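Encoded as C-alpha cells, the structure appears first; notes follow it.
The values are calculated or read from the model by the stated rules, or taken from the named source; none is laboratory data. Owing to the predicted nature of the structure, the values given are computational and were not obtained by experimental measurement. Methodologically, a virtual Cβ is constructed for each residue, glycine included, from the backbone with ideal geometry; neighbour enumeration extends over all protein chains shown. Only protein heavy atoms, including side chains, enter the accessible area calculation; ligands, DNA and RNA are left aside. Shrake-Rupley method; radii C 1.70, N 1.55, O 1.52, S 1.80 Å.
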Amino acid sequence: MPTPNTLRFFAAVLGSQLVFTGCEGVLSPTEDPGGTRPADSPDVAVRCEDGTGSTPAALRERFVRDVYPWLVDSESGCMTWHGPNSLQKLALSLDAAEAFDELYATSFFGKGPDSLHARIDADQMPLGAPPWPDEAKAALRDLNCDVISTRTEDVVSLEEPCGLPATRIWELTPAQLRRSVDAILPGGRPDGDQLGRTIDTASRVFSNEARFDSMSDEHVDDVFQWSIDVGTLGVDALIERFDCLAEPTWNASCLSDMVTAVSSQAFRRPLTETESTDLVAFVEEERTQSGESQVALSLFLERVFLSPHFLFRSELGSPGGEPEVELTAFEIASAISYFLTDAPPDAELWSAAEAGELQSDSQIGEHVSRLLGDIEDVQGLQQFLSEWLHTDELPSAQKDPSLFPDFDESLAADLEQESRRFFAYVLSEDDGRLQTLLSADYSILNNRLAAWYGIEPGEGEGFRRVSLQGQPRAGVLTQAGFLAATAGASLTDPVHRGLVVNAEALCNPVPPPPEDLDVEGLSEAGPAETAREQLAIHVANPACAGCHTLLDPPGLALESYDAAGRYRTNYVEGGPEIDASGSFWTQDGELRFDSWVEFVEQLSGDSQVHDCFARQMYRYGLGINDTGRDRCAVDSLAGAFAESDGNIVR
C-alpha cells in the first residue's frame with residue numbers, strides 16, 4: 001500500500017489541482033501554500049546590516065576589479081553557464097562593465113534565495129566546480145550588500161512567476177495506440193510494430209512530450225494503414241465481444257450498445273447524442289450498401305480508430321472557464337491511466353469519472369494505489385524508467401561486429417528485458433526506492449546475460465534474481481543495457497556518456513559548444529593514449545573547461561565498461577590501465593570516487609539526483625519540458641518525494 005507521502009507525490013505528478021491555464025493565469029510564488037523552495041535552499045534573508053550606499057559607477061568599478069575575475073575563471077565555468085552563448089535565463093556579456101549593468105538590473109543582486117550572493121555563499125553555484133574561496137565570497141557579499149543599500153527602486157526578477165500547465169491536445173504514442181486497441185479489442189490488431197515514433201530519438205525528450213509530437217506524412221501513412229488493418233482484423237474480436245452482431249439481423253439495441261461502448265472507450269469519454277446517432281447511421285448505411293455485415297463493421301472500426309478523438313488526448317477542460325479551466329473527470333481519468341499504464345482508463349476509473357469521484361487527492365490516490373498494485377500492468381511507469389535511462393534504445397543499438405561479434409538483436413532484447421524486469425522487481429518485490437534502483441547489489445539475469453557479465457550460470461534458462469556482490473556492478477547505471485545504449489558502435493564515447501548522466505540523473509543543463517570553437521585545433525594539440533589524456537586537452541582550453549568539468553568525471557569513470565557494457569581494466573589487452581577515479585560536485589558537495597560503482601553509490605543518495613528524478617517524472621507525467629512557470633509544482637513534487645524517502649511506488 002503506498003504511503004501518504006508517495007500518494008501525494010503521484011497526485012502532484014498528475015496535477016491534482018485539476019486546473020490548466022493559458023499565459024494569463026499565473027500564481028506568484030507567495031500564493032503557493034505548499035511552499036516554493038526545497039528545504040535545503042539558502043536562507044531567504046541575506047544579512048546586510050553593514051551595507052553602505054554608493055554610486056552605480058563605484059559599484060561597477062568594484063565588480064570589475066573584485067568579482068568579475070572569479071566569474072570568468074576557467075575552473076568555475078560560470079561564463080559557460082551564463083556567457084553570451086548560453087541558453088540560461090541570464091546570459092552575461094563578456095565585457096565586465098556591461099555584465100555588472102545586466103546583473104544590477106535583476107534580482108541576482110538582492111536578498112532572495114536566487115540572488116547570486118546567496119547561491120554562491122551556500123555552495124549551490126557554480127555547478128560542477130569547486131566552491132568559491134572565502135575571499136571571493138566576501139568580496140561578492142560586500143558588493144551585494146552595498147548594491148542593496150544603493151538601489152531604491154524595486155528590482156524586477158527574471159524568473160517567470162509560478163503558473164499552471166497550458167491546455168493542450170497531444171498525440172498518443174505508438175505504444176499507447178497499440179495498448180488502447182488491445183483494451184477495446186483484445187487480439188484485434190496487427191502483430192509487430194507498424195507505427196514509427198512520433199518524436200525523433202535524437203531529440204532525447206520523452207516520447208510523449210506534446211510540443212514535439214509530429215504527425216509527419218510518413219506517420220500519417222503508418223496510422224492510416226494500421227487503422228485499416230485493425231478494421232480488418234478486429235471484426236472477429238468485435239463479434240466475440242458483442243455476440244449479437246453474429247446474428248443475421250441486428251436489433252437496434254445491439255447496434256447502439258456496441259457503437260456506444262466501443263466509441264466511448266476509444267474516445268475516452270461519453271459520446272454526445274449527435275455522435276452516437278451519426279455512428280449508428282453510418283454502420284447501417286454501410287451494411288445496406290455492401291450487403292455485408294463484416295464490411296460495415298470493418299469500416300466502423302476504421303472510422304473510430306482514425307478519429308482525432310482516438311488518436312489525440314485532449315486536456316482542454318470544460319468550456320467557459322478561461323483563463324483557468326478545470327479538467328473534466330474523463331480527462332483526469334486519462335491522465336492517471338496513460339501516465340501509469342500507458343493505456344486508456346479501466347472500468348474502475350471510468351466508473352469513478354462518471355460518478356464525479358476524481359476531484360480530490362484522496363480519490364486520485366485510491367486509484368493510483370490500486371493501479372500500482374500490479375507492477376506488470378504499470379507499463380507507463382516502466383516506459384518512463386526505460387526512456388529516462390535510454391534503455392528503450394537498445395532494440396536499435398548497433399555494435400561493430402568485428403569488435404563485438406556476440407552482440408546481436410537477441411542479446412540487445414535480453415538486456416532490455418533485464419532493465420525492465422529489474423525495474424519491476426525493485427518496485428514490487430524490494431523497497432521501491434530510487435536509491436535501491438541505483439545501487440542494488442543484484443540484477444535479474446538469464447544465463448546468457450550472466451555469461452556476458454562473467455558470472456557463473458544458474459539452473460534453467462529463465463530470468464531470475466542474481467547476486468552481484470563482488471562484481472563491479474551496482475544498480476541500473478552499471479547494467480550493460482544502460483552502458484551499451486549510451487555508447488557508440490565501437491567506442492565508449494565518454495563525453496556522450498557524461499552528458500547523459502548530467503542531463504538525466506542530475507538535471508544539469510549542459511549548453512552546446514561555442515559556435516566558433518576550433519575543434520580541429522584541439523585535435524592537433526598532441527597525441528593522446530587514453531580517453532583521460534584526450535579530454536585533458538579539452539579541459540586545458542578555457543572555452544571547453546566549463547562543460548568538461550561536468551562531463552568528464554562521470555564519462556571517464558564509465559571507461560571501465562566497453563561499448564557493449566562489459567567490464568574491463570585496460571583499454572586493450574596489455575595496454576594502459578583505465579583510471580576511473582575522479583571528483584564531482586553536486587548540490588550536496590564534492591563526491592570523490594575511485595570507480596564508477598563508488599560514484600553511483602554516492603549519487604544514489606544525493607539530493608540533487610532525487611530532486612532531478614522528481615523533475616523527470618513531472619516532465620513525463622505531464623508531457624512537458626518544465627519552465628520557470630512549473631517551479632512551484634516541481635519543488636512541491638521534490639519535497640513530497642523526499643518525504644517518502646525516495647520511494648517511487650510505496
**OP:** Take Asp217 and decide whether it is of a type in the set (Asp, Glu) and within 30 Å of Thr328 (Cα to Cα).
**Re:** no
Original post:
Considering only residues of the range 441-465 that are closer than 23 Å to Asp606 by Cα and out of contact with any Asp or Glu (no Cβ under 7 Å at 6 or more places or on another chain), which is least open to solvent (accessible area, probe 1.4 Å)?
Top reply: Tyr442
Subject >> Qualifying position, being touching a Leu at 6+ places or on another chain (Cβ under 9 Å) and farther than 25 Å from Val223 by Cβ, among Ala335, Ala347, Ala329 >> reply: Ala329
**OP:** Go through Gly555, Gly574 for me and flag whichever is open to solvent by 10 Å² or more (accessible area, probe 1.4 Å) and either part of a helix (DSSP H, G or I) or not polar (S, T, N, Q) (or both).
**Re:** Gly574
Original post:
When residues of the range 296-314 are filtered for being more than 25 Å from Trp170 (Cα to Cα) and either open to solvent by 60 Å² or more (accessible area, probe 1.4 Å) or not aliphatic (A, V, I, L, M) (or both), how many remain?
Top reply: 1
**OP:** Considering only residues that are loosely packed, with under 13 Cβ neighbours inside 10 Å and of a type in the set (Ser, Thr, Tyr), look in the range 217-272 and name the one that is modelled with the lowest pLDDT.
**Re:** Thr249
**OP:** Only residues in the range 550-563 that are more than 16 Å from Glu598 (Cβ to Cβ) and at pLDDT below 95 count as the first member; pair them with residues that are not in a helix (DSSP H, G or I) and not aliphatic (A, V, I, L, M), Cβ under 9 angstrom, at least 6 apart or cross-chain, and list the lot.
**Re:** Leu550/Gly77; Leu550/Gly128; Leu550/Asn508; Leu550/Phe584; Leu550/Trp585; Leu551/Gly128; Asp552/Gly582
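Answer yes if at least one residue in the range 524-539 is modelled with pLDDT of 90 or more and not in a loop (DSSP other than H, G, I, E, B), and no otherwise. Working first, answer last.
So in the range 524-539, the residues modelled with pLDDT of 90 or more come out as none.
No, the range 524-539 has no match at all.
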**OP:** Go through the range 391-421 and give me each residue that's surrounded by 15 or more Cβ atoms within 10 Å (Cβ to Cβ), modelled with pLDDT of 95 or more and over 19 Å from the mean Cα position of the chain (by Cα).
**Re:** Lys399, Phe404, Phe407, Leu411, Ala412, Asp414, Leu415, Gln417, Glu418, Arg421
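Taking the range 629-646 as the search range and keeping residues that are open to solvent by 20 Å² or more (accessible area, probe 1.4 Å) and in contact with a strand residue (DSSP E or B) (Cβ under 7 Å, 6 or more places away or on another chain), which one is nearest to Tyr618 (Cα to Cα)?
Looking at residues that are open to solvent by 20 Å² or more (accessible area, probe 1.4 Å) and in contact with a strand residue (DSSP E or B) (Cβ under 7 Å, 6 or more places away or on another chain), I get Arg629.
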Subject >> Condition broken by Ser360, with the remaining ones in (1) loosely packed, with under 15 Cβ neighbours inside 10 Å; (2) in contact (Cβ under 8 Å) with a residue 60 or more places away in the chain; (3) under 30 Å from Ile228 (Cα atoms) satisfied >> reply: (3)
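Could you tell me which of the residues Ser314, Ser298, Ser360 is hydroxyl-bearing (Ser, Thr, Tyr) and in contact with a strand residue (DSSP E or B) (Cβ under 6 Å, 6 or more places away or on another chain)?
Ser314
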Original post:
Cβ-Cβ below 9 Å, separation at least six or inter-chain, first residue in the range 418-439 and in a loop (DSSP other than H, G, I, E, B), second among the β-branched types (Val, Ile, Thr) and open to solvent by less than 10 Å² (accessible area, probe 1.4 Å): which pairs?
Top reply: Gly432/Thr6; Gly432/Val426; Gly432/Ile648; Gly432/Val649
Subject >> Selection from the range 297-328 of residues that are of a type in the set (A, V, I, L, M) and at pLDDT below 95 >> reply: Leu306, Leu311, Leu316, Val325, Leu327
Subject >> Single condition Ala355 does not satisfy, out of (1) surrounded by fewer than 16 Cβ atoms within 10 Å (Cβ to Cβ); (2) among the hydrophobic types (A, V, I, L, M, F, W, C); (3) under 18 Å from Ala175 (Cα atoms) >> reply: (3)
**OP:** Pull up the range 605-650, narrow it to residues that are in a helix (DSSP H, G or I) and of a type in the set (Val, Ile, Thr), then point me to the one that is nearest to Thr436 (Cα to Cα).
**Re:** Val609
Subject >> The listed residue being farther than 25 Å from Arg473 by Cα, touching a helix residue (DSSP H, G or I) at 6+ places or on another chain (Cβ under 9 Å) and basic (Lys, Arg), out of Arg631, Arg592, Arg568 >> reply: Arg631
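Would you confirm, using the coordinates I've provided, whether Asp516 is modelled with pLDDT of 85 or more, in a loop (DSSP other than H, G, I, E, B) and among the charged types (D, E, K, R)?
no
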**OP:** Kindly indicate the residue of the range 424-440 that is acidic (Asp, Glu) and out of contact with any helix residue (DSSP H, G or I) (no Cβ under 7 Å at 6 or more places or on another chain) and also surrounded by the most Cβ atoms within 10 Å (Cβ to Cβ) among those meeting that condition.
**Re:** Asp431
**OP:** Those residues that are under 23 Å from Val609 (Cα atoms) and either modelled with pLDDT of 95 or more or buried (at least 20 other Cβ atoms within 10 Å of the Cβ) (or both), I need them from the range 489-503; list them, please.
**Re:** Pro494, Arg497, Gly498, Leu499, Val500, Val501, Asn502
